[in-house]
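The values are calculated or read from the model by the stated rules, or taken from the named source; none is laboratory data. Everything numeric in this text was worked out from a predicted model, so none of it was measured. All Cβ positions, glycine included, derive from the backbone under ideal geometry; neighbour counts span all protein chains shown. For the accessible areas, the whole protein counts, side chains as well, though only heavy atoms, and no ligand, DNA or RNA atoms are used. Shrake-Rupley method; radii C 1.70, N 1.55, O 1.52, S 1.80 Å.
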Amino acid sequence: MSETEKNIRDDLFYQQKNGYDLMDTEERLELERYCGEYMNYLNVSRTEREAVREGIALAESKGFVPYEKGMALTRGTKVYLNNRDKSLLLAVMGEKPLSFGANIAAAHVDAPRLDLKQIPLYEDSELCYFKTHYYGGIKKYQWVTIPLELHGVVCKKNGEKVDVVIGREKEDPRFVITDLLPHLGKDQMSKPASQVIQGEGLNLLIGSVPYADDGSDRVKLAVISLLNDRYGITEEDFLSAELEAVPAFDVCDLGLDRSLIGGYGHDDRVCAYAELAAICETELPERTSVCILADKEEVGSMGVSGMQSQVFEAFMSELCESQGVSLRECLWNSFCISADVCNAFDPMYPEVSEKRNGAKINYGMGICKFTGSGGKGGSSDASAEVVGTLRRIFADNKVVWQMAELGKVDQGGGGTVALYMANRNIDTIDAGVPVLSMHAPFETVAKFDCYMTYKGIKAFYADR
């Protein structure tokens with residue numbers, strides 16, 4: 001092939017490269033620094049409440065203050081709004097007025113888990129259990145025979161709120177959902193995977209020693225006595241509690257080359273942290289920068305802490321009113337990255353993906369023009385102009401990115417918060433980190449992709 005022919009091919013063909021072929025030593029060191037900080041964040045953010053708490057702590061250390069109605073909002077002012085301890089909104093006021101719109105990044109901090117039912121405690125055959133109701137899309141069989149922790153809050157009748165964390169510390173006990181031994185599992189193993197473990201069978205084993213008396217339910221009594229001693233709660237207090245069982249796996253490096261990160265909750269805290277880190281390093285943007293950490297995405301973004309609630313409009317209205325700007329005008333001129341993860345191509349399961357359009361590990365931030373299912377049902381389907389805007393921003397800032405698609409046409413599907421932002425008349429597109437084993441108790445991401453997502457959102461916040 002002549003040099004001329006090679007140049008023509010280089011000019012006309014779209015060719016992707018592994019990210020490590022495009023990165024120098026200095027930036028690899030920055031990648032490791034960033035990923036180390038993300039791993040620390042993920043390790044202590046096991047629930048949406050903890051993710052919000054850690055987000056506030058990070059933001060305050062970088063100069064953010066709680067928003068108060070009527071406060072002065074000048075250029076560079078950093079404010080946040082804590083929505084019921086379960087979602088978080090942050091903003092850095094820009095050089096331009098909000099009539100020019102805002103650059104918004106929206107992620108979610110809830111993740112698939114097992115919620116305790118409101119009357120969860122029971123004893124059977126002198127073993128004590130917690131009954132659960134799974135939250136979000138899970139493969140139920142993945143949640144048995146793994147160590148689990150318990151996190152959440154209990155609100156007592158007297159108004160006291162008690163924080164509960166059992167299993168996070170090394171010396172703490174953990175919990176488990178038992179499974180049938182293979183020697184007796186013939187009938188079980190003949191069932192479809194979706195029926196091997198029933199939803200009502202996801203019950204946590206929590207104790208076996210009976211209380212020293214002659215009554216009934218002695219193991220149950222012993223367990224609630226331990227909880228009463230430690231937290232001052234009774235069985236009735238579970239009626240007003242939010243307690244979540246989550247995997248008791250520490251976040252860790254994966255692979256001999258330590259290029260991957262394994263842990264619970266990458267979806268979507270890997271993008272939430274990228275937003276947080278980026279906005280915390282944003283000082284005086286041209287346009288106001290907004291970071292949203294929403295709740296309830298895994299169950300449809302409903303409720304007062306979900307992306308369908310009015311809290312976003314309320315927050316933006318306050319910012320707009322401080323400048324005498326119409327909220328409608330602000331949203332019309334805004335741009336939103338729905339920062340959510342995408343599925344990474346897995347060579348163990350190639351049959352569900354279309355390789356030409358799927359995201360790959362170590363190829364950078366994944367851009368999803370549309371999500372949904374079937375004929376793009378339930379998707380906002382970003383315009384060509386929106387994709388073109390991101391291409392320009394990323395090219396100008398040497399952000400490595402790739403297009404992504406949620407599997408083959410008609411294979412399945414899913415959604416994000418993108419359509420709820422687009423329904424507010426905001427140009428919106430999905431972009432985030434490719435994930436292996438998404439929604440599993442232990443997910444896998446590549447450090448390179450994590451870093452490029454952070455770099456991409458930081459460049460987006462700085463864009464004019």
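Which residues, counting only those in the stretch 247-284, are open to solvent by 10 Å² or more (accessible area, probe 1.4 Å), in contact with a Ser or Thr (Cβ under 6 Å, 6 or more places away or on another chain) and not aliphatic (A, V, I, L, M)?
282
What do you reckon, is residue 244 open to solvent by 20 Å² or more (accessible area, probe 1.4 Å) and either assigned to a strand (DSSP E or B) or closer than 26 Å to residue 96 by Cα (or both)? Before you say what the answer is, go through the steps one by one.
On the way: open to solvent by 20 Å² or more (accessible area, probe 1.4 Å): no; either assigned to a strand (DSSP E or B) or closer than 26 Å to residue 96 by Cα (or both): yes.
So residue 244 fails the test.
Taking the stated definitions as given, is residue 261 outside any loop (DSSP other than H, G, I, E, B), among the β-branched types (Val, Ile, Thr), in contact with a helix residue (DSSP H, G or I) (Cβ under 8 Å, 6 or more places away or on another chain) and over 19 Å from residue 105 (Cβ atoms)?
Values: outside any loop (DSSP other than H, G, I, E, B): yes; among the β-branched types (Val, Ile, Thr): yes; in contact with a helix residue (DSSP H, G or I) (Cβ under 8 Å, 6 or more places away or on another chain): yes; over 19 Å from residue 105 (Cβ atoms): yes.
Answer is yes for this residue.
Return the residue satisfying two criteria in turn: it lies in the stretch 313-359 and is among the hydroxyl-bearing types (Ser, Thr, Tyr) and free of Cβ contacts under 8 Å to residues at least 40 places away in the same chain, and of such residues it is surrounded by the fewest Cβ atoms within 10 Å (Cβ to Cβ).
Restricting attention to the stretch 313-359, the residues satisfying the condition of being among the hydroxyl-bearing types (Ser, Thr, Tyr) are 317, 322, 326, 334, 338, 349, 353.
Now drop any that are not free of Cβ contacts under 8 Å to residues at least 40 places away in the same chain, which leaves 317, 349.
Numbers: 317: 15, 349: 11.
The qualifying residue surrounded by the fewest Cβ atoms within 10 Å (Cβ to Cβ) is 349.
Counting only residues that are of a type in the set (Val, Ile, Thr) and surrounded by 15 or more Cβ atoms within 10 Å (Cβ to Cβ), how many does the stretch 177-212 have? Can you show your working first?
Going through the stretch 177-212, the residues of a type in the set (Val, Ile, Thr) turn out to be 177-178, 196-197, 206, 209.
Imposing the further condition that a residue be surrounded by 15 or more Cβ atoms within 10 Å (Cβ to Cβ) reduces the set to 177, 196-197, 206.
Qualifying residue count for the region: 4.
Select from the stretch 285-307 the residues that are modelled with pLDDT of 95 or more, more than 17 Å from residue 85 (Cα to Cα) and part of a loop (DSSP other than H, G, I, E, B) and write down the one among them that is least open to solvent (accessible area, probe 1.4 Å).
285
Consider only pairs whose beta carbons are under 9 Å apart and that are at least six residues apart or on different chains; among these, list those whose first residue lies in the stretch 362-391 and is open to solvent by 40 Å² or more (accessible area, probe 1.4 Å) and whose second residue is of a type in the set (Lys, Arg).
Filtered contacts from the stretch 362-391: 363/17; 370/376; 381/369; 383/369; 384/369.
Here's a check for you: in the stretch 76-133, which residue that is of a type in the set (Phe, Trp, Tyr) and crowded, with 20+ Cβ neighbours inside 10 Å is farthest from residue 234 (Cα to Cα)? Spell out how you get there, then give the answer.
Restricting attention to the stretch 76-133, the residues satisfying the condition of being of a type in the set (Phe, Trp, Tyr) are 80, 100, 122, 129-130.
When the remaining residues are screened for being crowded, with 20+ Cβ neighbours inside 10 Å, the result is 80, 129-130.
Numbers: 80: 36, 129: 16, 130: 14 Å.
My answer is 80.
For residue 38, which of the numbered conditions (1) among the hydroxyl-bearing types (Ser, Thr, Tyr); (2) open to solvent by 20 Å² or more (accessible area, probe 1.4 Å); (3) modelled with pLDDT of 95 or more fails to hold?
(2)
What number of residues within the stretch 72-87 satisfy the criterion of being in a loop (DSSP other than H, G, I, E, B), out of contact with any Gly (no Cβ under 9 Å at 6 or more places or on another chain) and farther than 15 Å from residue 48 by Cα?
Qualifying residue count for the region: 4.
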